[in-house]
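First comes the structure, then the notes that go with it.
The values are calculated or read from the model by the stated rules, or taken from the named source; none is laboratory data. Note that this is a predicted model, so its numbers are computed, not measured. Reconstructed Cβ throughout: ideal geometry from the backbone, glycine too, with neighbour counts over all protein chains shown. In case anyone asks, the SASA skips ligands and DNA or RNA and just uses the protein heavy atoms, side chains included. Shrake-Rupley method; radii C 1.70, N 1.55, O 1.52, S 1.80 Å.
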Amino acid sequence: MTTTSKFDPQIKKVTIIGAGAIGLSWTALFLANGLHVTVTDIRPDLEESSHKGLNEIIPTLQGLGYDTSNLTANLSFEKDIEKAVTDADIIQENGPENVAFKQDLYAKLEPFFKPTALVLSSSSGIPSTVFTSKMKDPDRVLLGHPFNPPHLIPLVEVVPGEKTSKEAVKEAMAFYAALGKTPVLIEKEMPGFVANRLQSALARESIYLVAEGVVSMENLDKIMETSLGLRWAACGPFKTFTLNGGPGGFPHFMEHLAPPMEGVWKLLGDPHFDKPTVDALLEQAANSYGKIPYEQLTKERDEQQLAVLNTVKTFKK
């Protein structure tokens, strides 16, 4: 088990709000890094379901090199959310993606936050400026948006609100880096931030191509897994554009390859979740991934992502 020595000495206690898939994934990672974690949630089976979820994550943590023999030694539970946040140095909130819910939650909990507490939200699309609007002083609140599952995928989008202090941003970046994550500062608030906007853009065209009968759901995934997925694991879009420009680099790409790309933009689909589209997607899903138990799909995904991650890390050393 690692210790908290790599963290700021003031960071000892972390509170997780929400024990769903994201919250438990964060819990597992925090525990594996030696932090004391309190989980709070209204679900009646909080302790039982949390231990079950953590046990399912253990193999992946082991694959990442963590010693999980005493993983839950520093784990505690508290149903009273106000008590749960009172002594926390870090709070990672994983509540519903609902503006009114988050606004009321943060206004309610603000009097119970320590002045030095860093309050982070896993919100996947709601900017903190929006959900802290009822707070008196949200300077210690910002987004720490992970990609699912947080214990495995390196990215954390760090998104400050309009009133977030620079010191809080600096602390958040350092905290996630100490966890072994790859924190990326998002410099302007925008719904969906960056990663989910990119994912939504690709999802839009994927749904259009499947709904139009151009390609099956499984074959579209196969195309991604054996081409763009492999490429993007090594190079993001702009590095790829630079390489596609050959010795002339990005300027050559812009001169010779950007105009044809812009031409394709005009041909991209504009799908909607109308009944025919939804029916077509549900039918294909039922006849493909729907036949495989969720637990098996999750296990396969995590094992494959772990293999890719470890391989990429090896080449980047």
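Data overview
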quantity: Nitroxide proxy distance, nm - points 7 Å out along Cα→Cβ at residue 201 and residue 170; calculated: 3.3
quantity: Computed magnitude of the charge dipole of the chain (debye, nearest 20; Cβ of K, R +1, Cβ of D, E -1); calculated: 800
quantity: Ellipsoid semi-axes in whole angstrom, largest first, where each is sqrt(5λ) of the Cα gyration tensor of the range 91-246; calculated: 34, 19, 13
quantity: Reported label for calculated Rg and Dmax of the Cα atoms in Å given [x] 37.2, 119; [y] 22.9, 93; [z] 21.4, 61; calculated: [z]
quantity: Whole-number accessible area per residue in Å² for the chain, which is evaluated in the context of all protein chains at 1.4 Å; calculated: 56
quantity: Global size of the range 231-317 as Cα Rg and Dmax, reported in angstrom; calculated: 19.5, 50
quantity: Sorted largest first, extent of the range 93-147 alpha carbons per principal axis (Å); calculated: 28, 21, 16
quantity: Within the accessible area of the chain (1.4 Å probe), percent carbon and sulfur; calculated: 59
quantity: Segments 243-252, 149-158 sorted - mean Cβ within 10 Å per residue, highest first; calculated: 149-158, 243-252
quantity: Per-selection Rg to Rh, the range 162-317 - Cα, Kirkwood hydrodynamic radius; calculated: 1.01
quantity: Sum of side-chain charges, residue 232 neighbourhood, beta-carbon under 13 Å (Lys, Arg +1; Asp, Glu -1); calculated: +1
quantity: Kirkwood hydrodynamic radius of the range 1-118, from inverse mean 1/r over distinct Cα pairs, in Å; calculated: 14.6
quantity: Extension gain, residue 79 back to residue 254 (0.36 nm per residue minus Cα-Cα distance, nm); calculated: 57.4 nm
quantity: Per residue Cα convex hull volume in Å³ - calculated over the range 78-182; calculated: 100
quantity: Highest-first arrangement of 283-289, 46-52, where packing means the average Cβ count within 10 Å; calculated: 46-52, 283-289
quantity: At R0 = 41 Å, FRET efficiency that the Cβ-Cβ distance of residue 162 and residue 228 yields, to 0.05; calculated: 0.70
quantity: Spin-label model distance (nm) - residue 48 vs residue 87, 7 Å beyond Cα toward Cβ; calculated: 2.8
